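Taking it in order: structure first as structure tokens, then the write-up.
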């Protein structure tokens with residue numbers, strides 16, 4: 001399959017104020033290809049460069065070295081930034097700072113309005129996008145009265161309404177309570193499966209990362225691990241060294257194995273864990 | 001207390017007032033405010049008040065909210081009324097307390113000023129209560145679009161207003177949170193004189209400003225991600241079209257203006273009422 005977004009050996013440094021010491025590289029020689037239709041989780045500690053990656057993906061930031069290609073378009077080319085942003089959308093951490101208009105549907109319409117679409121098309125896209133995130137019945141509500149999870153879903157709808165092929169989520173659940181977190185993650189997976197949108201989500205929740213098709217672990221501005229969740233989470237000692245953990249179910253399974261309970265080694269998600277425990281109980 | 005602020009708030013609904021074309025609403029509110037200051041007699045004032053009451057009823061906005069909108073100007077109304085009563089010595093004196101003369105003329109002017117201020121506030125709050133901020137700023141953008149000729153970027157100004165209105169509730173919440181945080185660390189925000197209390201607010205506003213800047217920064221990123229590049233080539237979700245109801249509303253307010261102009265010519269002003277009342281009282285006594 002073709003790469004929809006390709007980071008080609010990129011480095012990035014935030015520019016410093018005059019006279020200050022040079023800031024360290026936020027991203028240091030990263031090469032990463034995101035295939036169309038994939039669901040990728042990017043894990044990493046604070047300051048590992050993972051958020052910068054999202055901003056580099058649709059020419060909000062331009063790499064200091066190397067190239068980012070979106071469907072063959074170079075993000076450094078300013079003339080293409082408009083087309084690039086139509087292809088790759090970014091959802092940020094704080095929903096309050098992404099919502100432009102006071103009313104839900106007017107906010108979702110902001111993107112399509114910027115694209116200069118005809119009125120009927122905007123209407124259709126707004127309705128479709130709100131249905132996709134399950135917020136249609138809230139379309140005439142005021143955005144500031146919604147819960148955190150609902151606000152974030154409105155922000156996602158605002159991006160979907162532009163019909164991008166790929167969406168980067170920059171810690172979309174970091175500011176939410178567990179209920180909102182689940183709402184948002186369910187929406188993200190549904191977009192990937194039902195709407196066939198390529199999804200890259202940056203997170204520091206291991207349980208969320210375990211649900212992806214592919215996990216990329218970043219540390220110190222570099223990519224440390226990249227592979228299927230089961231392969232990545234095998235390296236639990238390495239993950240622990242960079243201050244990350246394994247998903248809670250994997251940890252629980254490991255502890256149970258230590259107590260000589262026969263449970264498979266590669267358990268990551270709650271689903272898998274329940275299944276194997278049920279199987280175990282059935283055997284007895 | 002800070003959550004009571006209703007400025008620029010919008011209460012979604014589907015009444016006829018909500019559905020009026022926002023451009024027309026804006027123009028009508030403007031005409032209404034001018035008209036209310038031209039009223040010189042009770043008939044004109046009554047007509048304008050009746051018009052306002054009808055509009056409020058049609059908008060189905062709860063009277064509680066209307067009362068809330070008047071609350072912040074209550075002090076102003078009180079002060080102006082007292083000043084009018086104390087310093088306006090026209091007409092006959094009803095009460096004399098040392099150097100203080102309460103006269104009919106003073107009372108008339110006080111009543112008129114009160115009604116004017118209240119009507120002004122209610123009319124303008126009704127505009128924001130029934131119009132979504134986006135539509136309101138769109139209307140402003142369109143009404144002022146001729147200013148483009150003199151190189152004023154009307155779109156940017158309108159966009160700034162949309163965002164400002166959108167962030168009012170967010171920032172109010174934030175002020176609340178910061179105040180609680182500072183109080184929990186022992187900050188005393190509620191006692192002392194004005195200067196002390198003003199000083200106590202510094203630790204509230206410093207974080208507020210810093211956060212606002214980082215919010216603005218993030219919002220700019222998010223807007224860029226959604227292909228925002230200024231007003232050129234933008235289309236709109238909601239169309240603005242003048243319907244029959246808009247012309248009816250315009251006709252209604254023009255009729256009210258007609259009443260004002262005619263009655264101002266034909267009926268004597270309240271100062272003169274007091275003269276009549278004056279001679280009447282003298283006749284009786």
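Here the condition is being surrounded by 15 or more Cβ atoms within 10 Å (Cβ to Cβ) and in contact with a helix residue (DSSP H, G or I) (Cβ under 6 Å, 6 or more places away or on another chain); of A:205, A:168, it holds for A:168 alone.
Exactly one residue out of A:88, A:70, A:104 is touching a strand residue (DSSP E or B) at 6+ places or on another chain (Cβ under 9 Å) and under 22 Å from residue B:13 (Cα atoms), and it is A:104.
Checking the structure you have, find out if any residue of the range A:144-158 is over 25 Å from residue A:51 (Cα atoms) and surrounded by 20 or more Cβ atoms within 10 Å (Cβ to Cβ).
no
Counting only helices (runs of 4 or more DSSP H) that sit completely within the range B:126-229, those holding 3 or more residues that are within 14 Å of chain A (Cβ to nearest Cβ) and surrounded by fewer than 17 Cβ atoms within 10 Å (Cβ to Cβ) correspond to B:154-184, B:202-225. The single condition among (1) over 22 Å from residue A:198 (Cβ atoms); (2) more than 11 Å from chain B (Cβ to nearest Cβ) that residue A:39 does not meet is (1). Criterion applied to A:109, A:129 was being within 11 Å of chain B (Cβ to nearest Cβ) and surrounded by 24 or more Cβ atoms within 10 Å (Cβ to Cβ), and the one residue passing it is A:109.
Just to be sure I understand the filter: pairs with C-beta atoms under 9 Å, separated by 6 or more residues or on different chains, first member in the range B:47-73 and at positive phi and touching a residue at least 12 places away in the same chain (Cβ under 8 Å), second member in a helix (DSSP H, G or I) and surrounded by 16 or more Cβ atoms within 10 Å (Cβ to Cβ). Which pairs pass? The qualifying pairs are B:60/B:17; B:60/B:18. Looking across the range B:36-46, the residues that are buried (at least 20 other Cβ atoms within 10 Å of the Cβ) and either in a helix (DSSP H, G or I) or modelled with pLDDT of 90 or more (or both) come down to B:36, B:44, B:45. Checking each residue in the range A:63-104 for being within 11 Å of another protein chain (Cβ to nearest Cβ), in a strand (DSSP E or B) and farther than 18 Å from residue A:51 by Cα picks out only A:103. Selection over the range B:233-259 of residues that are in contact (Cβ under 8 Å) with a residue 60 or more places away in the chain, within 14 Å of chain A (Cβ to nearest Cβ) and more than 18 Å from residue A:162 (Cβ to Cβ) gives a count of 3.
Residue-level check: of (1) in contact with a strand residue (DSSP E or B) (Cβ under 7 Å, 6 or more places away or on another chain); (2) in a helix (DSSP H, G or I); (3) in contact (Cβ under 8 Å) with a residue 60 or more places away in the chain, residue A:29 misses just (2). Among the residues of the range A:128-145, those that are touching a residue at least 12 places away in the same chain (Cβ under 8 Å) and more than 18 Å from residue B:163 (Cβ to Cβ) comprise A:128, A:129, A:130, A:132, A:133, A:134, A:135, A:138, A:139, A:140, A:141.
All conditions in (1) under 16 Å from the mean Cα position of the chain (by Cα); (2) more than 19 Å from residue B:250 (Cβ to Cβ) hold for residue B:36, with the sole exception of (2).
The values are calculated or read from the model by the stated rules, or taken from the named source; none is laboratory data. Bear in mind that the values here come from a model prediction, so they are computed numbers and not experimental data. Because the Cβ atoms are built from the backbone with ideal geometry, glycine has one as well, and the counts that use them run over all protein chains shown.
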